[in-house]
Amino acid sequence: MKKAIFATAVALFIGFGANAQIRLGAGFMGGLPMGDFGDFAGFGIGGGVSGEYMVTDNIGAGLSAGYILFTEAEEGLGDWTQIPVHLQGSYHFMPGEDFNFYAGLGLGMNFASYTSPEITIGPITIPEETVNDSEFAIVPRAGINYMFSDALGLDFSTGYAIVGDVSYVPLNLGIVYVLE
């Protein structure tokens with residue numbers, strides 16, 4: 001019985017190892033605030049990095065991290081930052097092609113910070129204050145890779161980030177580098 005379990009584990013390792021491919025990405029991130037969040041936050045801009053291990057030709061699992069600064073929608077409202085750190089799963093519809101569409105889901109934490117500006121009303125001054133929080137996030141997403149070569153390509157993706165009471169549309173444009 002032990003030999004059968006060991007043989008199965010070796011076969012799975014060799015099977016996954018034969019397709020072992022790691023996709024590294026880096027790029028620019030944007031964020032379009034939705035709902036009530038859009039009433040006090042303007043367009044967000046930042047950057048991010050990601051890594052994805054291709055479990056099979058079509059299925060990838062990975063990790064992403066980023067930083068987005070949402071400017072104030074109106075002067076005097078303050079700035080919001082989001083630092084998303086997510087585990088991701090993706091299904092690639094056309095692996096090995098120059099254009100590869102994918103869809104997936106990200107789950108993780110968004111670490112948020114809000115800085116309110118200093119406010120002076122007559123003789124009273126309310127100092128600048130920063131509030132930090134973290135919330136669980138769910139991000140269904142879809143994207144496309146355009147590969148210039150076997151190892152280098154362009155990546156564009158979008159989704160819908162649900163972070164507690166806040167939601168926004170993340171927009172990502174970057175490069176992807178494939179290690180085989």
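The values are calculated or read from the model by the stated rules, or taken from the named source; none is laboratory data. In this text, all values refer to a predicted model and were calculated from it rather than measured experimentally. All Cβ positions, even for glycine, are placed from backbone atoms using ideal geometry, and neighbour counts span all protein chains on display. For accessibility, only protein heavy atoms count, side chains too; no ligands or nucleic acids. Shrake-Rupley method; radii C 1.70, N 1.55, O 1.52, S 1.80 Å.
Can you tell me which residues in region 78-135 are open to solvent by less than 80 Å² (accessible area, probe 1.4 Å) and not in a strand (DSSP E or B)?
Answer for region 78-135, where residues must be open to solvent by less than 80 Å² (accessible area, probe 1.4 Å) and not in a strand (DSSP E or B): Gly78, Met94, Pro95, Pro117, Gly122.
Identify, please: which residue in region 142-152 is touching a residue at least 40 places away in the same chain (Cβ under 8 Å) and either over 24 Å from Ser90 (Cβ atoms) or not hydrophobic (A, V, I, L, M, F, W, C) (or both) and is, among those, surrounded by the fewest Cβ atoms within 10 Å (Cβ to Cβ)? If you could, list the steps in order and put the result at the bottom.
Residues of region 142-152 that are touching a residue at least 40 places away in the same chain (Cβ under 8 Å), as a first pass: 142-147.
Subset that is either over 24 Å from Ser90 (Cβ atoms) or not hydrophobic (A, V, I, L, M, F, W, C) (or both): 143, 145-146.
Values: Gly143: 19, Asn145: 23, Tyr146: 13.
Among them, the one singled out is Tyr146.
Testing Leu77 on (1) at pLDDT 90 or above; (2) touching a helix residue (DSSP H, G or I) at 6+ places or on another chain (Cβ under 7 Å), one condition comes back false. Which one is that?
So the condition that Leu77 fails would be (1).
Of (1) open to solvent by 40 Å² or more (accessible area, probe 1.4 Å); (2) part of a strand (DSSP E or B), Ser157 satisfies all except one. Which?
(1)
Of everything in region 42-64, what is touching a Pro at 6+ places or on another chain (Cβ under 9 Å), free of Cβ contacts under 8 Å to residues at least 40 places away in the same chain and either farther than 24 Å from Phe93 by Cα or open to solvent by 80 Å² or more (accessible area, probe 1.4 Å) (or both)? Give them in sequence order.
Across region 42-64, the qualifying residues are Gly42, Phe43, Asp57.
Sort out which residues of region 66-75 are in contact (Cβ under 8 Å) with a residue 12 or more places away in the chain and open to solvent by 40 Å² or more (accessible area, probe 1.4 Å), and write them in order of number. Step through it out loud before you land on a result.
Let us first name the residues in region 66-75 that are in contact (Cβ under 8 Å) with a residue 12 or more places away in the chain, namely 66-74.
Scanning region 66-75 gives Tyr67, Leu69, Thr71, Glu72, Ala73, Glu74.
Scan region 27-39 for residues that are within 30 Å of Ala151 (Cβ to Cβ), open to solvent by less than 50 Å² (accessible area, probe 1.4 Å) and hydrophobic (A, V, I, L, M, F, W, C) and jot them down.
Filtering region 27-39 for residues within 30 Å of Ala151 (Cβ to Cβ) gives 27-31.
Checking which are open to solvent by less than 50 Å² (accessible area, probe 1.4 Å) leaves us with 27, 29-31.
Scanning region 27-39 gives a single hit, Met29.
For region 140-163, how many residues meet the condition of being touching a Leu at 6+ places or on another chain (Cβ under 7 Å) and closer than 25 Å to Gly78 by Cα?
Summing the residues that are touching a Leu at 6+ places or on another chain (Cβ under 7 Å) and closer than 25 Å to Gly78 by Cα in region 140-163 gives 0.
Just to verify a result, which residue in region 46-77, among those that are assigned to a strand (DSSP E or B) and of a type in the set (Val, Ile, Thr), is nearest to Leu173 (Cα to Cα)? Talk me through it step by step, then tell me what you get.
If we filter region 46-77 for residues that are assigned to a strand (DSSP E or B), which is where we start, we get 46-54, 59-72.
This time we only want the ones that are of a type in the set (Val, Ile, Thr), so: 49, 59, 68, 71.
Working: Val49: 11, Ile59: 21, Ile68: 13, Thr71: 20 Å.
So the residue we want is Val49.
Take Val139 and decide whether it is part of a strand (DSSP E or B), open to solvent by 40 Å² or more (accessible area, probe 1.4 Å), at pLDDT 95 or above and more than 17 Å from Gln21 (Cβ to Cβ). Give the steps one after another, and end with the answer.
Details: part of a strand (DSSP E or B): yes; open to solvent by 40 Å² or more (accessible area, probe 1.4 Å): no; at pLDDT 95 or above: yes; more than 17 Å from Gln21 (Cβ to Cβ): yes.
Judged against the criteria, Val139 is not a match.
Pairs only if they're at least six apart or on different chains, beta carbon under 6 angstrom, first in region 102-125 and without any contact (Cβ under 8 Å) to a residue 60 or more places away in the chain and more than 26 Å from Phe37 (Cβ to Cβ), second of a type outside the set (Gly, Ala, Ser) and assigned to a strand (DSSP E or B); list them, first residue then second.
Listed pairs, sorted by first residue: Tyr102/His92.
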